[in-house]
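S.K.: Below is the structure I would like to discuss, written out as structure tokens.
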Amino acid sequence: MAFSTKEFSAPDTIAKSHGALEKASQTQDLLGEKLILNMGPSHPATHGVLRLILEMDGEVVTKAIPDIGYLHRGDEKIAENMHYNQFVPYTDRLDYLAPLANNVAYALAVEKLMGWTLPPRGQAIRVICCELARISSHLLGVGCMAMDIGAMTVFLHTFTEREKVYNLCEMLSGARFTTSYTRVGGQTRDVPPGFLAAVRKFIDEVLPVVDDVDSLLTRNRIFVDRCRDVGVITKEQAIAYALSGPNLRASGVDHDLRKRQPYLGYETYDFEVPIGSIGDCYDRYLCRMEEMRQSVGILRQVLDRFPDGPINVEDAKNFAPPKTTVLTKMEELIHHFIVHTEGPDVPAGEVYFGAENPKGELGFYINSKGGGTPHRMKIRSPSFVNLSVLSEILPGSMMSDVVAILGSLDFVMGECDR
Amino acid sequence: MALLDSIPWFLVFTSLGKTIFLVFLVVLPMVSYTVYAERRVSALIQDRLGPNRTGFPLTLLGFKKDFSPFLGGLGQPIADAAKFILKEDLTPGHVNKPYFWLAPALAMMPALITLSALPFGSEFMGVKMVVADINVGLLFMFAISSVGVYGIVLAGWASNSKYPFLGGIRSTSQMISYELCMGLSAVPVLLVAGSTSLSKIIDYQVHEGWLLLPITDGKLNLRELLLFLPMVLAFITFTISMFAETNRLPFDLPESESELVAGYHTEYSSMKFALFFLGEYTAMIAGSALTVVLFLGGWHLPFIPDGSHGPIWGAINIASFFGKVAVLLFFFIWVRWTLPRFRYDQLMKLGWLYLFEIALVNIFLTAGILAFTH
């Protein structure tokens with residue numbers, strides 16, 4: 001069969017709009033010795049669809065332009081077209097490695113606008129959600145970083161533990177991955193019987209694995225050589241670029257929203273916030289390792305004093321009543337119908353709430369003109385902000401450092417591109 | 001007639017037989033089963049199952065039941081080979097075709113050729129178990145194995161694509177640097193054994209004890225005791241260089257999958273890719289075999305006589321040789337799934353600043369000890 005190949009002109013907007021790259025290479029690279037390497041959007045080390053345009057002099061990166069947006073879905077616009085509870089499943093898809101924490105952060109933001117505070121049991125459940133999500137996300141973050149550096153085994157060991165977190169998610173919400181567990185004003189359901197014991201079993205099992213990873217990597221000479229003084233983000237840079245989460249704390253900034261602006265009763269739990277000193281890949285790795293241990297500590301405290309009582313707010317008009325009463329009582333049936341078609345009646349006003357998610361500060365800015373639908377919603381996603389520092393820290397490092405840095409920044413493109 | 005008579009038929013046929021035995025009955029199956037072992041051992045290390053299903057489909061041949069041997073998955077290498085052969089062999093349009101086609105052959109062939117000088121047993125039915133017992137066997141092996149770098153360099157260059165190109169460049173400098181360390185770290189062995197013939201080196205170890213384990217001949221004298229340290233040093237530097245030469249983790253920079261996607265064989269598919277794959281494992285086997293010959297006494301086991309006492313002993317010698325190789329291969333696999341990968345400059349630093357110096361000093365140390373105990 002005869003066929004012909006035809007050249008299509010695919011407009012590479014980033015490479016062309018950044019005429020800066022071409023100009024720079026014209027002035028600095030008179031001999032034409034530099035190589036423009038296109039890393040991504042489908043590259044094993046970019047964890048999703050990040051694209052980096054690297055200008056390389058041999059193995060050394062001289063310029064780096066990150067290109068994002070390959071996973072853009074318009075979540076913020078979508079939010080304007082549905083009521084608050086309908087948006088919960090979209091939050092699963094933000095940081096899809098820690099969906100429970102996203103659910104909680106979103107629900108807390110809307111609840112702040114409503115002026116609601118959850119009863120103690122509801123708050124305790126949410127703390128469990130957040131910390132499980134943190135452990136799950138950090139396990140993957142550390143594992144992926146190790147895999148990028150070449151230690152495949154660590155990745156598979158941590159992944160085995162993450163499966164256990166997924167089992168817990170399944171017990172809790174019925175879904176392993178896209179949990180959609182919270183609603184504005186509470187949760188979809190109470191913890192199932194046996195869940196607390198299962199969490200206790202999990203945290204007993206995860207610590208030895210964290211120790212295993214510790215013994216495989218932390219003092220491994222090759223690993224330390226690959227990470228130490230690589231991708232250093234100074235304290236000033238970290239603040240200037242508004243980093244958050246472990247990436248910020250590894251640079252020596254003591255900023256954890258769970259301590260600074262406590263929510264969900266975090267002020268009543270006893271935990272430490274690990275702080276790095278240099279801000280290199282090694283510090284970021286160590287911070288994540290220690291945060292996992294602290295999360296286990298928080299989980300123990302929650303389980304030890306898990307309160308009884310209601311899990312949702314008592315507001316018949318704005319929170320869906322329990323199903324048993326919906327099927328038997330007239331008024332509850334009406335409320336059920338109203339809440340599920342029009343959403344909670346949120347007052348007019350605007351609110352910003354940032355939660356300390358595994359990747360950093362996940363913030364929701366909601367501008368409401370009253371009613372069940374937000375007028376405007378802005379999601380401040382930690383991965384997006386954390387990635388902004390890339391073009392600052394990549395130049396000067398080697399090709400192998402690039403993957404180590406990307407691994408240590410621990411980003412998720414689903415959240416970055418929204 | 002005179003021409004036919006002048007040909008040493010016995011030598012020709014035994015050489016042919018040995019080549020066929022070594023390449024087709026031992027090394028190629030060993031390569032495919034090393035790949036299988038790699039997958040099973042990595043699964044063991046990573047708490048997974050690995051390939052444990054594929055048996056031999058005997059029902060296709062009219063038998064009542066399929067045959068799935070005790071561990072399961074032993075049919076996997078055969079299925080893999082069939083898959084590689086049946087895959088579409090794609091040559092991208094942008095490559096430099098002659099070199100692109102030549103490179104896989106150049107990756108596989110040198111590794112196989114090096115095996116020709118390798119004594120893999122003592123004697124079997126009066127035939128020496130080495131294809132070509134040349135008196136510069138070690139130099140021959142180094143010379144041929146250094147040709148192997150061409151396969152990778154040409155693959156990287158001919159692919160005409162950036163990631164393979166970077167992989168090719170990395171491997172050039174890596175293999176050339178570490179070849180030097182490898183050669184230098186083998187020199188103490190030559191000094192001790194007094195020959196570059198691999199058979200002579202084994203003979204020496206049979207009579208005086210393995211170089212790494214001088215106790216195997218049942219006695220220990222001052223010379224052996226003093227030589228123990230330089231031999232251990234030589235063994236360590238030699239093994240590390242061997243890892244680098246065969247592009248195994250922690251030195252697998254040319255094909256580091258998280259950085260360069262697949263390095264120099266990114267653009268290859270089907271059997272051409274498989275040749276790189278086989279070449280890597282053949283080089284690994286050849287390297288392990290050379291380590292066994294140089295440091296671990298070759299085919300020798302204590303209390304087992306050589307093949308001149310009967311064919312059964314000859315067969316045991318061959319088995320013990322490949323058993324030692326298998327242990328080293330397991331070590332290769334074990335290290336790969338435990339350690340992270342070096343960075344390019346750290347690799348060069350390790351090679352030139354540490355291993356090279358240690359190997360060099362080690363030569364003088366050995367020579368000094370030999371002169372002292374002479």
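The values are calculated or read from the model by the stated rules, or taken from the named source; none is laboratory data. These numbers come from a predicted model, not from an experiment. Methodologically, a virtual Cβ is constructed for each residue, glycine included, from the backbone with ideal geometry; neighbour enumeration extends over all protein chains shown.
S.K.: Would you call residue B:47 of a type in the set (Asp, Glu), under 29 Å from residue B:333 (Cα atoms) and part of a helix (DSSP H, G or I)?
M.R.: In short, no.
S.K.: Counting just the residues of segment A:75-108 that are surrounded by fewer than 19 Cβ atoms within 10 Å (Cβ to Cβ) and out of contact with any Lys or Arg (no Cβ under 8 Å at 6 or more places or on another chain), which one comes out nearest to residue A:320 (Cα to Cα)?
M.R.: A:86
S.K.: From the list B:63, B:21, B:100, which one is part of a loop (DSSP other than H, G, I, E, B) and surrounded by 11 or more Cβ atoms within 10 Å (Cβ to Cβ)?
M.R.: Selected residue: B:63, the only one of B:63, B:21, B:100 that is part of a loop (DSSP other than H, G, I, E, B) and surrounded by 11 or more Cβ atoms within 10 Å (Cβ to Cβ).
S.K.: Which condition breaks for residue A:237 when tested against (1) more than 14 Å from chain B (Cβ to nearest Cβ); (2) over 15 Å from residue A:288 (Cβ atoms); (3) at pLDDT below 90; (4) buried (at least 18 other Cβ atoms within 10 Å of the Cβ)?
M.R.: (4)
S.K.: I've got another one for you. Checking the conditions here, which among B:29, B:57 is farther than 25 Å from residue B:328 by Cβ, out of contact with any helix residue (DSSP H, G or I) (no Cβ under 6 Å at 6 or more places or on another chain) and of a type outside the set (Lys, Arg)?
M.R.: Within the list B:29, B:57, the selection yields B:57.
S.K.: Filter segment B:280-320 down to the residues that are assigned to a helix (DSSP H, G or I), modelled with pLDDT under 85 and touching a helix residue (DSSP H, G or I) at 6+ places or on another chain (Cβ under 7 Å) and list them by number.
M.R.: Selection gives B:307, B:313, B:314, B:317.
S.K.: So, in segment B:244-271, how many residues would count as being away from chain A (no Cβ under 12 Å) and either without any contact (Cβ under 8 Å) to a residue 12 or more places away in the chain or surrounded by fewer than 22 Cβ atoms within 10 Å (Cβ to Cβ) (or both)?
M.R.: Going through segment B:244-271 one residue at a time, the tally reaches 3.
S.K.: Here's a follow-up. Within segment B:317-350, how many residues turn out to be in contact (Cβ under 8 Å) with a residue 60 or more places away in the chain, more than 14 Å from chain A (Cβ to nearest Cβ) and in contact with a Phe, Trp or Tyr (Cβ under 8 Å, 6 or more places away or on another chain)?
M.R.: Number of matching residues: 5.
S.K.: Any residue in segment A:214-228 that is more than 14 Å from every other protein chain (Cβ to nearest Cβ), more than 30 Å from residue A:304 (Cα to Cα), touching a residue at least 40 places away in the same chain (Cβ under 8 Å) and assigned to a loop (DSSP other than H, G, I, E, B)?
M.R.: So far as segment A:214-228 goes, no, none of its residues is more than 14 Å from every other protein chain (Cβ to nearest Cβ), more than 30 Å from residue A:304 (Cα to Cα), touching a residue at least 40 places away in the same chain (Cβ under 8 Å) and assigned to a loop (DSSP other than H, G, I, E, B).
S.K.: In segment A:334-418, which helices (runs of 4 or more DSSP H) lie fully inside it and hold 1 or more residues that are buried (at least 24 other Cβ atoms within 10 Å of the Cβ), β-branched (Val, Ile, Thr) and within 14 Å of another protein chain (Cβ to nearest Cβ)?
M.R.: Hits in segment A:334-418: A:399-409.
S.K.: Does segment A:104-118 contain any residue that is within 14 Å of residue A:180 (Cβ to Cβ) and either of a type in the set (Lys, Arg) or over 21 Å from the mean Cα position of the chain (by Cα) (or both)?
M.R.: Checked against the condition, which is being within 14 Å of residue A:180 (Cβ to Cβ) and either of a type in the set (Lys, Arg) or over 21 Å from the mean Cα position of the chain (by Cα) (or both), segment A:104-118 yields no hits at all.
S.K.: Which one of these is at pLDDT 80 or above, among the aromatic types (Phe, Trp, Tyr) and either within 21 Å of residue B:109 (Cβ to Cβ) or crowded, with 22+ Cβ neighbours inside 10 Å (or both): B:238, B:228?
M.R.: B:238
S.K.: Then there is this: Quick one: residue A:160 ticks every box in (1) at pLDDT 90 or above; (2) within 12 Å of chain B (Cβ to nearest Cβ) except a single one, so which number is it?
M.R.: Residue A:160 satisfies all of (1) at pLDDT 90 or above; (2) within 12 Å of chain B (Cβ to nearest Cβ) except (1).
Rundown of residues vs (1) in a helix (DSSP H, G or I); (2) within 14 Å of another protein chain (Cβ to nearest Cβ); (3) free of Cβ contacts under 8 Å to residues at least 60 places away in the same chain; (4) over 21 Å from residue B:242 (Cα atoms), yes/no style:
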{"residue": "B:140", "(1), (2), (3), (4)": "yes, no, yes, no"}
{"residue": "B:151", "(1), (2), (3), (4)": "yes, no, no, no"}
{"residue": "B:165", "(1), (2), (3), (4)": "yes, yes, yes, yes"}
{"residue": "B:170", "(1), (2), (3), (4)": "yes, yes, no, no"}
{"residue": "B:174", "(1), (2), (3), (4)": "yes, yes, no, no"}
{"residue": "B:186", "(1), (2), (3), (4)": "yes, no, no, no"}
{"residue": "B:205", "(1), (2), (3), (4)": "yes, no, no, yes"}
{"residue": "B:211", "(1), (2), (3), (4)": "no, no, no, no"}
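S.K.: Also, I was wondering about something else. Under 6 Å by Cβ, and 6 or more places apart or on different chains, what pairs join a residue from segment A:82-99 that is outside any helix (DSSP H, G or I) with one that is aliphatic (A, V, I, L, M)?
M.R.: Cβ pairs passing all conditions: A:95/A:412; A:97/A:140; A:97/A:412; A:98/A:133.
S.K.: Still on this structure, please answer the following. From the list A:154, A:142, exactly one residue is assigned by TED's automatic domain parsing to the domain that holds residue A:301 and in contact with a Leu (Cβ under 7 Å, 6 or more places away or on another chain). Which is it?
M.R.: A:154
So that you can scan it fast, the table gives a plain yes or no per residue for (1) in contact (Cβ under 8 Å) with a residue 40 or more places away in the chain; (2) of a type in the set (D, E, K, R); (3) within 14 Å of chain B (Cβ to nearest Cβ); (4) surrounded by fewer than 22 Cβ atoms within 10 Å (Cβ to Cβ):
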position: A:69; (1), (2), (3), (4): yes, no, no, yes
position: A:72; (1), (2), (3), (4): yes, no, no, yes
position: A:137; (1), (2), (3), (4): yes, no, no, no
position: A:142; (1), (2), (3), (4): yes, no, yes, no
position: A:146; (1), (2), (3), (4): yes, no, yes, no
position: A:156; (1), (2), (3), (4): no, no, yes, yes
